[in-house]
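The values are calculated or read from the model by the stated rules, or taken from the named source; none is laboratory data. Here the structure is a predicted model, which means the values were calculated and not measured. We place every Cβ from the backbone using ideal geometry, glycine too, and count neighbours over all the protein chains shown.
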């Protein structure tokens, strides 16, 4: 891709990027007039605004569930919007399938990947078990017609192997990994590369429609050894791919862990269109955690359905003859995942909604949570702390809480360095979710800060050099360095995306929502907080009208306040996470010439990892 297309992909313009990069910590002052207090939320989620539009071909779509199978359980909005469990979703699917049968139409259930990494249900497994293996047993109970692999299935070989050996077989040929292979031993003990699932599948729907489906992963680069991800551009030139699309079906169902906009779906789409100019095509994407929709031509639609079981996507199509050139009538809807939504659209109520399977799934997940001890409380959080709804730094910022209080407290316990002045820093990406008032549990620890980074330090660094390093990492250098900084940040962004980091894209999406109509909509007392989607498809996509969340920018790197009773020349311990070691050493060496710092100068500061910091802090400060 060109630089222009990559920044278009990220939703960023060059001037805005440089302004924000050089803005340091002045976000509170800049954005204070932009904020507006949200109305007090009602007790229950708002109901849908209108019935779904059905066609003769319909799809329920999930993606990027990341272990959020017991729903969002906190009471601060918008969390109640997403409070449905996987068992509730199962009941919903059952009822919707029954409605489809009554209408005499097709309804498929499809997922676009990333079942791993996100909550204690997926990540809280005891030693000797495999990430998400237990939780995935409940996903296998749902009647998925097609599922595709995600990048989070590939960071650890054992996870990929578990998907290949224990999960894919349950889909009976419909777990797809078109461009993803795994190396395993064959019966003779020889290493062979084979698809994790299947490269494609052809099947007939209940009403006889012939479907050809593929499952494509974006050009992911951080997969574990003994797994391979073939670039999409190479995949479409493979002989198997050309053979798979040669026969014309009634519909091409292209499923994959790749955003529907500004990535490589057009390569797949155009390869199909070159052979079948008018055959209906549906694309179901994922990965960037946003709600999105577009149409690549008048006989196709592409849908992406959010993250963390916050959104269930709906698509319908009124299909005609596949050789027709007329516009196909499509509809799409983004459903909030709660029982109010599910009961409304399935035409049920609280007395007749639950199915025995749905209740079994919810009970089983609750039992698994108990088995993993996910309700264990480290302490009681005195208030809500937000990731992007409040300025950084501020008293309600989870970033401020983490680096200003939690990290210094947790890392100094039983630490011989504790008496020495120190400056602590980390990347803002260490935090992944809001932290809510009430018991701070083991499950909260997984959702808020799950990463296994260790803390290093360089002793006897002048305080001024440490602060200059942090400022430089946040691109707050002099004007004559801005072009160089921009070039470096551009390549950082591309590489971060290829390795799987989508937080920058998700945050830009939240920011656009807020900037477009945040203050106006938050002043409307009949609207609850939630997503306000602007996509490229006709009509209104959101099932429930919401006011967007307030959004405040934060720097890429955050730090504690300078130690008390110090001057710029005071020698301190400069403490940082190993995740940023290479970048930090490079900048540190560019800012001074007295010493060349390398990895041997970075010593271990504490045994406490990032994912344990908040738990240790809560036990010390919130009991």
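Things worth noting here:
- Test result for residue 201, under 30 Å from residue 104 (Cα atoms) and over 23 Å from the mean Cα position of the chain (by Cα): yes
- Any chance residue 408 is modelled with pLDDT of 95 or more, out of contact with any helix residue (DSSP H, G or I) (no Cβ under 8 Å at 6 or more places or on another chain), surrounded by 15 or more Cβ atoms within 10 Å (Cβ to Cβ) and part of a strand (DSSP E or B): no
- Residue under evaluation residue 538, criteria (1) in contact (Cβ under 8 Å) with a residue 12 or more places away in the chain; (2) part of a loop (DSSP other than H, G, I, E, B), criterion not met: (1)
- Listing of strands (runs of 3 or more DSSP E) fully contained in the range 420-475 that carry 3 or more residues being surrounded by 21 or more Cβ atoms within 10 Å (Cβ to Cβ): 422-427, 455-462
- Checking each residue in the range 69-96 for being in a helix (DSSP H, G or I) and out of contact with any helix residue (DSSP H, G or I) (no Cβ under 8 Å at 6 or more places or on another chain) picks out 79, 80, 81, 82, 93.
- Any hit, the range 394-405, residues being on the phi > 0 side of the Ramachandran plot and part of a loop (DSSP other than H, G, I, E, B): no
- Where strands (runs of 3 or more DSSP E) fall wholly inside the range 123-226, the ranges with 2 or more residues that are surrounded by fewer than 22 Cβ atoms within 10 Å (Cβ to Cβ) are 180-185, 191-195, 200-204, 210-217.
- Within the range 602-614, none of the residues are in contact with a strand residue (DSSP E or B) (Cβ under 6 Å, 6 or more places away or on another chain), at pLDDT 95 or above, in a strand (DSSP E or B) and surrounded by 22 or more Cβ atoms within 10 Å (Cβ to Cβ).
- When each of 348, 325, 321 is tested for being touching a residue at least 24 places away in the same chain (Cβ under 8 Å), assigned to a loop (DSSP other than H, G, I, E, B) and under 30 Å from residue 296 (Cα atoms), the lone residue that passes is 325.
- For the range 125-138, the count of residues that are in the same structural domain as residue 365 (by TED's automatic domain parsing), under 30 Å from residue 319 (Cα atoms), more than 18 Å from the chain's Cα centre (by Cα) and without any contact (Cβ under 8 Å) to a residue 24 or more places away in the chain is zero.
- Among the residues making up the range 47-68, those that are part of a loop (DSSP other than H, G, I, E, B), within 27 Å of the chain's Cα centre (by Cα) and at pLDDT 95 or above are 47, 48, 52, 63, 64, 65, 66, 67, 68.
- Candidates 357, 387, 365 - the one that is buried (at least 19 other Cβ atoms within 10 Å of the Cβ) and assigned by TED's automatic domain parsing to the domain that holds residue 285: 365
- When 556, 569, 535, 561 are screened for being at pLDDT 95 or above and surrounded by 15 or more Cβ atoms within 10 Å (Cβ to Cβ), only 535 passes.
- Residue 589 vs. criteria in a helix (DSSP H, G or I), in the same structural domain as residue 416 (by TED's automatic domain parsing) and more than 32 Å from the chain's Cα centre (by Cα): yes
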